[in-house]
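Scroll down for the structure; my scribbles are underneath it.
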Amino acid sequence: MTLEQLSSIEKLLESFHQLYQSLRLNMRTQWKRDLPLEELLFDRWERARSLGFGKNTSIYHNSYVYGTVSVGANTWIGPYTLLDGTGGLTIGDYCNISAGVQIYTHDSARWVLSGGKSKYEYAPVKIGNNCYIGPQTVIAKGVTIGDHCLIGSCSFVNSDIPSFSLAFGIPCRPRGTVRVSENGEVSWHLFEAGQS
């Protein structure tokens, strides 16, 4: 490499570093956040639009999307999420898919255990409208979560959750109800001991 080429690379790196510092300062000043470079360079809402997701929906650039994934309007998909739509995945309007959530619509357990003789298994996942999926939750293939559900952090959802449920745990089960008044006030109530 010549001195001239080395000098060009150093100038390019210096320009890149200045751009990074400027973008980072802008993010800190405007939003009081410090994000990875990819989040400073790219627009989360544009990515959602490019995936055909609904109006005002956003998805972080460090999220993985596979297969056929349909997402409604006004939904936030947080960082480090995995949306596996190889078996079909539908997420409704006004949902929050928190950081680290993993949603699977297939698994390879039988394929692996049989030495490739069995096939991968696929089953769709559907998450209704107005659902909050807590951080680090894992949703297994074939699950339907109804509307207005709150799924607690670090849950493993391997069976259907009815609408208006407060659900959490490993495995995730309804532990209470969600109530939404006509004027939009939200409350949730745990079941009493022995009730389900």
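Taken together, the values in this text are just the output of simple stated rules run on the coordinates, not laboratory data. These numbers come from a predicted model, not from an experiment. Counting neighbours? That spans all protein chains shown, and the Cβs are built from the backbone with ideal geometry, glycine included.
If the segment from Lys11 to Thr90 were pulled out straight at 0.36 nm per residue, it would be longer than the present Cα-Cα gap by 23.8 nm. Other residues within the sphere of radius under 14 Å centred on the Cβ of Trp31, judged by their own Cβ, net out at +2 (K and R +1, D and E -1).
Given axes a ≥ b ≥ c from the Cα gyration tensor, I'd like to know whether the range 91-169 is rounded (a/c under 1.5), prolate (a/b larger than b/c) or oblate. Judged from the Cα gyration tensor, the range 91-169 comes out prolate (a/c at least 1.5, a/b above b/c). Sites count as exposed loop sites when they are trypsin sites (Lys or Arg not before Pro), lie in a DSSP loop, and have at most 16 other Cβ atoms within 10 angstrom; the longest stretch of the chain without one is 120-196. Output the relative contact order of the range 12-62, whole-number percent, from Cα pairs under 8 angstrom with separation of 6+ residues. Taking the mean separation of contacting Cα pairs over the length of the range 12-62, I get 25 percent.
Among the lysines of the chain, pairs at least eight places apart or on separate chains and with Cα atoms under 26 Å apart come to 5. Summarising the label geometry, the points placed 7 Å from Cα in the beta-carbon direction at Phe191 and Gln136 lie 2.5 nm from one another. Axis angle, to the nearest 10 degrees, between helix 3-31 and the longest C-alpha principal axis of the chain: 40 degrees.
Averaging the sequence gap over all C-alpha pairs within less than 8 Å and six or more residues apart, then dividing by the number of residues, gives the chain a relative contact order of 10 percent.
Charge tally around Ala73: other residues with Cβ under 12 Å, Lys/Arg +1 each, Asp/Glu -1 each, net +1. Per-residue ellipticity at 222 nm computed for the chain from its helices equals -7000 deg cm²/dmol, with DSSP H segments shorter than 4 residues left out and the rest contributing -39,500 (n - 2.57).
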